[in-house]
Amino acid sequence: MDIALIKLIKTPCIQEYRWHGDKLFIWVADYDWTNFKEILKKLCSFDDGGIPARIQEDCIYIDLGDTEIMDDYFEELKVAFPED
């Protein structure tokens with residue numbers, strides 16, 4: 001497994017996550033954004049327009065659904081972030 005993926009899975013930056021079908025949504029505290037972005041940059045490229053996200057009051061909501069992370073690591077993410 002890719003070291004960057006392990007860091008993403010184990011990071012305390014992810015405060016919450018939810019699956020909606022085959023899409024993974026995560027919430028990252030705004031004060032953790034810089035650290036989280038460094039992890040994320042090792043897994044995907046921001047050159048193609050970035051990743052859909054919304055800035056909320058105290059966190060950043062990120063839709064990983066249509067990213068190369070989901071394409072490359074779907075099975076690993078399903079195990080690491082189990083559905084309720």
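What does the convex hull of the Cα atoms of the range 25-69 come to per residue, in Å³, rounded to a whole number? Don't jump to the answer; show the numbers that get you there.
Numbers: hull volume 3.0 nm³, N = 45.
So the per-residue hull volume is 66 Å³.
How much accessible area per residue does the chain have, counting only protein heavy atoms and a probe of 1.4 Å, in square angstrom? Can you show the working numbers first?
Values: 5390 Å² over 84 residues.
It amounts to 64 Å² per residue over the chain.
When the accessible area of the chain is split by element with a 1.4 Å probe, what percent falls to carbon and sulfur? Please list the in-between numbers first.
Numbers: 2540 of 5390 Å².
The C+S portion of the solvent-accessible surface of the chain is 47 percent.
Computed from the coordinates I sent, Cα extents along the principal axes in Å equals one of (i) 52, 34, 19; (ii) 31, 31, 22; (iii) 57, 20, 19. Tell me the label.
Here the calculated entry is (ii).
Can you tell me the dipole magnitude for the range 8-83 around its Cα centre, using point charges on the Cβ only (Lys, Arg +1; Asp, Glu -1), in Debye to the nearest 20?
Numbers: 8 positive and 17 negative charges, 38 e Å.
Using only the charged Cβ atoms, the result is roughly 180 debye.
Between beta-carbons, use under 15 Å as the cut-off and find the net charge around Ile26, counting Lys and Arg +1, Asp and Glu -1. Spell out each step's value before the answer.
Details: positive: Lys7, Lys10, Arg18, Lys23, Lys37, Arg54, Lys78; negative: Glu16, Asp22, Asp30, Asp32, Asp58, Asp63, Asp66, Glu76, Glu83, Asp84.
Around Ile26, the charge tally is -3.
Work out how much length Asn35 to Glu76 would gain on full extension: take 0.36 nm times their residue separation and subtract the Cα-Cα distance, in nm to one decimal. If you can, show how the numbers build up before the last one.
On the way: separation 41, 0.36 × 41 = 14.76 nm, distance 2.15 nm.
Answer, rounded to one decimal: 12.6 nm.
The values are calculated or read from the model by the stated rules, or taken from the named source; none is laboratory data. Keep in mind the model is a prediction, meaning the values are calculated, not measured. Neighbour counts run over all protein chains shown; Cβ positions are idealised from the backbone, glycine included. Ligands, DNA and RNA are stripped out before the accessible areas are found, and what is left, the full protein with its side chains, is counted by its heavy atoms. Shrake-Rupley method; radii C 1.70, N 1.55, O 1.52, S 1.80 Å.
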